[in-house]
Each structure stands twice: as structure tokens, then as C-alpha cells.
Amino acid sequence: MLKCVLKTLGLLFLVPVAAFSQQNPQYSQYNVNPFLLNPAIAGSTTFLEMRTGYRSQWGNFPDAPKTFFLTGHAPLGKVDPTYIKYVPNHHGVGGQIISDVTGPLSQTGVLANYSYHQVIKKGLYLSLGMGLGFKQYGIDRDKLNPGEEGDVVIAAAKNSFKPDINVGAYLYSNRFFAGASVHQMAGGNAVIRSGEVLRLDQLYMHFFAMAGYRWKLDRDWNLLGTVVLKHMRPAGLHVDVNVKWEYKDLLMMGVGYRHGDAISGLIGLQLPNSLFVSYTYDYILSEITAFTHGSHEVMIGMDIQVMKDVLCPKRFW
């Protein structure tokens, strides 16, 4: 069994450092659900935003990551009529549940988020946010082959819990945004406990910076450009660039490039009852491209208006 765990880890370290060593799940649709990257985004629209999705990474690659997520956030507070069509200072709350499985190894994270949004001037906001929760790390013994050396250690393995802290800042209007966040501030080690401690990996902080701008092309079309910088050990600094076209809030199409790893295509469709669905396909550019048919990510969302008669300050992701 122990050999199976080590084999899984070994396969993952064959892929580019930028693609896996961030320890947290990887996403392609952060321009549709940026709350995954920055807790300060909670409450930055006038909607209750619910998102759920599934990502299958490196399809056909042995023991490749599979990720499920459920997120939601909303603004709190009443509209101040003196602001006339603009959202006043307010609070935001939200939550995230994320499950990531890589072969027999798994991690499940739960976060509760809070943010405060300060009006800089009408239509321009600065928010600060924090996410507090925990992560559970474990090994699924049903996915291991019995009879291998190390069975006694793995058979006695128990899941471990670690605190999780994310913080972020976010400056935004209905035309542009810029933000920064830090994930896994609590650090520590991801471990599986038996009679002794079997250490799997040290948990490093992850740093994100993001910026974007919206161009109104004509009455029906908008063009949105976003850049995300990611820094984590041992991968270093990496860049994601995305461009997205929106048509009448009914259809969105996009392309993206993840430095040294993949190019992606996005399509999304607005459905009745405030629902939407979106899909992204990643074509892998790295040396594992011969062993995988790419990555797939699908998301379903719902936006429910909770602040009425005001201009939503951020509807351009």
C-alpha cells in the first residue's frame, strides 16, 4: 500500500511544477467564479451568487486530480438612498466547500468568509476579506493494493485536520478590478497519522494577484481581459491570461493561456430562472500531453438579486 501512495506522488511530480505543486486545486474558470481565489470578493455584487462545479484534470492520466467545489456569497446591509443607484458601504459573507482527490490521496476544505466593502467614491470600492476554516487530509485504503510492504503503517492511517486561513484585498468598479490574496496562511504539514506520523507534504502559502478590465465594444458585446499572477513554492511565479467575450448577458466565450501548462477554451450560456452553465476544456502543452486528452471543467451557477434599485458595482467576470 505504501508503494501505491508513493507511486501516486511520484506520478504527480512528473508533471510540470507549475501544474501541481501549488497543493491547492487548480481552476480554469476563476474568471467566472473569482471568489475561489480571493475572499474579499464575497459580497462584491448585488446578488446571492451560488456556484458548483467539477474539474477532471489531465484526463486519462493515472491518478489525476478530480475536484468538486460549492461556493456562495452575498452582500449584507440596506441601500442608503443618499447614494442613489450605487451600493453603499456594506458587509459580505460567504462559504466554500472544496474536495480534491488525487488517486488514494484526498483533501477536503471548508471555509467561512467575511468581507467589508468601503466606498472610495461612487462606483469605486475597496474590500478586505478573510476566510477561516479547516482542511482534512486522508488516504482511501480501498484504492490501495493489499499485500504490499508498508501495509501496517497505511492500515492504521487516520485522517488529519489542519486549520486554514485565507486573506485578500480587492479594488473594483463596474469597469476594472485589481486584487491580491494569500491562501494557506496557517501553514503546517499535511500528514496522515498512524502509530507514528507519516509526513506527506509541507503546506506553503500561496500568493495571488489579479487584475482585469472591461471594454464595451457595442450595445450587445463586451470584452473582458484578466491576468492572474500566482506564486507558490517550489513553482515560483506563473501567469494566467484570459480573454472573454459576452453577448447580451446571454452567452460568453473565452480563451486562456496558463504559463507553460495549457491553453483553454470557455463557453457559457444563460438559462431561465437566473441559472447559467459554463464549460472549459484545457489542451495540455507540457510533456504529458501524449498521455492525457486534456482537462475538463463544468460549472453551474445561480444569481439571485438581493439588493434592488441599485447599480451592481461588479458584473464583468
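Annotations for the structure displayed:
- Condition broken by LEU224, with the remaining ones in (1) within 30 Å of GLY188 (Cβ to Cβ); (2) surrounded by 13 or more Cβ atoms within 10 Å (Cβ to Cβ) satisfied: (1)
- Segment 112-125: number of residues that are of a type outside the set (Gly, Ala, Ser) and either touching a Cys at 6+ places or on another chain (Cβ under 6 Å) or surrounded by 16 or more Cβ atoms within 10 Å (Cβ to Cβ) (or both): 7
- Annotation: of all residues in segment 35-66 being closer than 14 Å to MET299 by Cα, at pLDDT 95 or above and of a type outside the set (D, E, K, R), the one that is surrounded by the fewest Cβ atoms within 10 Å (Cβ to Cβ) is TYR54.
- Screening GLY254 against (1) surrounded by 13 or more Cβ atoms within 10 Å (Cβ to Cβ); (2) free of Cβ contacts under 8 Å to residues at least 40 places away in the same chain leaves a single unmet condition, (2).
- Condition broken by LYS85, with the remaining ones in (1) at pLDDT 85 or above; (2) touching a strand residue (DSSP E or B) at 6+ places or on another chain (Cβ under 9 Å) satisfied: (1)
- Scope segment 257-276; condition surrounded by 14 or more Cβ atoms within 10 Å (Cβ to Cβ), among the aliphatic types (A, V, I, L, M) and closer than 27 Å to PRO75 by Cβ; matching residues: LEU266
- The residue of segment 89-111 that is surrounded by the most Cβ atoms within 10 Å (Cβ to Cβ), among those that are among the β-branched types (Val, Ile, Thr) and touching a Gly at 6+ places or on another chain (Cβ under 6 Å), is ILE98.
- Yes/no for ILE139 being surrounded by 17 or more Cβ atoms within 10 Å (Cβ to Cβ), at pLDDT below 95, among the hydrophobic types (A, V, I, L, M, F, W, C) and touching a Pro at 6+ places or on another chain (Cβ under 9 Å): yes
- In segment 114-128, the residue that is nearest to the chain's Cα centre (by Cα) out of those that are aromatic (Phe, Trp, Tyr) and closer than 9 Å to HIS91 by Cα is TYR114.
- All positions within segment 179-205 that are surrounded by fewer than 15 Cβ atoms within 10 Å (Cβ to Cβ) and at pLDDT 85 or above: none
The values are calculated or read from the model by the stated rules, or taken from the named source; none is laboratory data. What you are looking at is a predicted structure, and each value in this text was computed from that prediction instead of being measured. Neighbour counts are summed over all protein chains in view; Cβ atoms, including those assigned to glycine, are modelled from backbone coordinates with ideal geometry.
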